[in-house]
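Just below is one structure, and these are the notes that go with it.
Coordinate-derived values only; no laboratory data. No experiment lies behind these values; they were computed from the predicted model shown. Methodologically, a virtual Cβ is constructed for each residue, glycine included, from the backbone with ideal geometry; neighbour enumeration extends over all protein chains shown.
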Amino acid sequence: MKQVTFTLSATDGMARRGRIDTPRGEINTPAFMPVGTAGTVKAMYPEQVRDTGADILLGNTYHLMLRPGAERVASLGGLHTFMNWERPILTDSGGFQVMSLAKLRKLTERGVTFKSHIDGSAYELTPERSIEIQTLLDSDIIMQLDECIALPAERKEMERAMELSIRWADRSKTAFNNQQNRMLFGIVQGGDDAELRSRSAAGLQSIGFDGYSIGGLAVGEPQEVMFRVLSDITPELPADKPRYLMGVGKPDDILGGIERGVDMFDCVHPTRAGRHGHAYTRFGVINLKNARHRDDHRPLDEASPNPNCRRWSRAYLHHLVKTEEILGAMVLSQINLAYYQELTARARAAIEAGRMTDFAAETRAAWAAGDL
Ligand SMILES: C=CCOC(=O)Nc1nc2cc3[nH]c(NC)nc3cc2c(=O)[nH]1
């Protein structure tokens, strides 16, 4: 009997409020998943990540298979024990990062061979090996190996990669061997072509997955292209399965994705932006590198529920960022992750109350009015 299940509890337009129940705890959707690339959400203790409101975090197969290695993590008790995060973890299949990070990549029907960007050692990633790695990590939600191409692209190229990803989806499903204690997601590809996207969605559903990721987006296309693809494809996906938009995004991307029926998001942006001195508040993003903050004794937002938005002056945060002090990365990573969790928590409440339209309008108005 499947121990990881999705329940839809409310809808408002295309927006959905749901919950994924797993042996390691529940995931409230819409959900934002902090990225814990190499077994750590950078500059954060796992307890702090939980305190921001995160139910689940993401681990990257590519990084972990290179260092410390999937078999080593398994021998040390699995990724949850290794990193002291006992709640759910989603892992990616590694395909995207092989194509964006690895050297000397060779992609064939079998899979992809590559050289590590760290020490040049040789690896092979196939649909079967990716499932094996994610199972060794003991991940709660795992991904098929897919081929994601950058946009813009020729239709022939989008079609080739989409069809390969469906064949790899089938091999991934077979290798998954119907494990009951974790979910396997298929990944919809097809670039910005509605017909290819429809074929991908139909092909994956005929194989059958526990959830459906929407891949091949946030790869350089304008936001309106991403939104059009989402509006077209979410109605073609099963209503009773989670939808996960990979690698997205900034707050306005996430709000637009929720409005178009997406349940799960992941992005390095809040933590990476924090390390680069950008703070997300309900008024929008503030660049604390800017000299205008040098004498500003005001906190970021004294009405925020987050103590880190109330206890530090902008001048001090500016100082930490300019001097590249480690505390700057710590404080701003926490502020940004907490903001992303506050945004998704408020969206969940709005959908339950049937006021998603008002919530979206109020949120965008605050961003526009931004007194930064
Ligand atoms: C990430 C979780 C699972 O990922 C996979 O196993 N494969 C995969 N990852 C992606 C990651 C992306 N990031 C962005 N923008 C920052 N776009 C992305 C697109 C894909 C994609 O099409 N496939």
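Over the stretch 202-348, the hull volume per residue, using the convex hull of the C-alpha atoms, is 124 Å³. With the Kirkwood sum run over all distinct C-alpha pairs, the stretch 11-107 has a hydrodynamic radius of 14.8 Å. Here the calculated FRET efficiency for SER75 and ALA366, from their Cβ-Cβ distance with R0 = 51 Å, stands at 0.55, rounded to the nearest 0.05. Applying a DSSP loop filter and a limit of 13 other Cβ atoms within 10 Å to the trypsin sites (Lys or Arg not before Pro) in the stretch 4-98 leaves nothing. Determine, at each q value in 0.07, 0.14 (inverse angstroms), the log₁₀ of I(q)/I(0) that the Debye formula gives when each Cα of the chain is one equal point scatterer. The computed values of log10 I(q)/I(0) come out as -0.30, -1.22. Running a GNM on the chain with Cα contacts under 10 Å, which residue among MET83, MET158, MET264 ends up with the highest mean-square fluctuation? Residue with maximal mean-square fluctuation among MET83, MET158, MET264: MET83. Overall, the ratio between the Cα radius of gyration of the stretch 197-270 and 2.2 N^0.38 Å, rounded to two decimals, is 1.04. Tell me, TRP367, TRP312, TRP168 in order of fewest to most beta-carbon neighbours within 10 Å? The order, fewest Cβ neighbours first, is TRP367, TRP312, TRP168.
So which of LYS42/LYS156; LYS42/LYS289; LYS103/LYS322; LYS115/LYS156; LYS115/LYS241 end up more than 30 Å apart, counting from Cα to Cα? Cα-Cα > 30 Å for LYS42/LYS156; LYS103/LYS322; LYS115/LYS241; rest within. Taking other C-beta atoms within 10 angstrom as a stand-in for reagent exposure, ARG171, ARG298 fall in the order ARG298, ARG171, fewest first. This model, with +1 at the C-beta of Lys and Arg and -1 at the C-beta of Asp and Glu, gives the chain a dipole about its Cα centre of some 680 debye.
How would you classify the stretch 95-203 from its alpha-carbon gyration tensor, with a ≥ b ≥ c the square roots of the eigenvalues: rounded for a/c under 1.5, else prolate if a/b is greater than b/c, otherwise oblate? Oblate, because a/c is 1.5 or more while a/b does not exceed b/c. With R₀ set to 22 Å, the beta-carbon distance separating ASN178 from VAL268 gives a calculated FRET efficiency near 0.10. Computed from the C-beta positions of TYR45 and ILE118 and an R0 of 22 Å, the FRET efficiency is 0.30 to the nearest 0.05. Remark: the stretch 282-372 carries a charge dipole of roughly 100 debye about the Cα centre, counting +1 on each Lys and Arg Cβ and -1 on each Asp and Glu Cβ. In the chain, the DSSP-assigned H stretches of four residues or longer account for a calculated mean residue ellipticity at 222 nm of -12500 deg cm²/dmol, using -39500 (n - 2.57) per stretch and the full residue count as denominator.
Counting 0.36 nm for each residue step from GLU236 to PHE283 and taking away their Cα separation leaves a gain of 13.4 nm. Rounded to the nearest angstrom and listed largest first, the equivalent-ellipsoid semi-axes of the stretch 279-339 from its Cα gyration tensor are 16, 13, 10. Taking a Cβ cut-off of under 11 Å around VAL4, the surrounding Lys, Arg, Asp and Glu residues balance to a net charge of -1, with basic ones at +1 and acidic ones at -1. As a proxy for reagent exposure, TYR123, TYR280 were ordered by neighbouring Cβ count within 10 angstrom, fewest first; the result is TYR123, TYR280. The charge dipole of the stretch 208-355, taken about its Cα centre with unit charges on the Cβ atoms of Lys, Arg (+1), Asp and Glu (-1) only, comes to about 660 debye.
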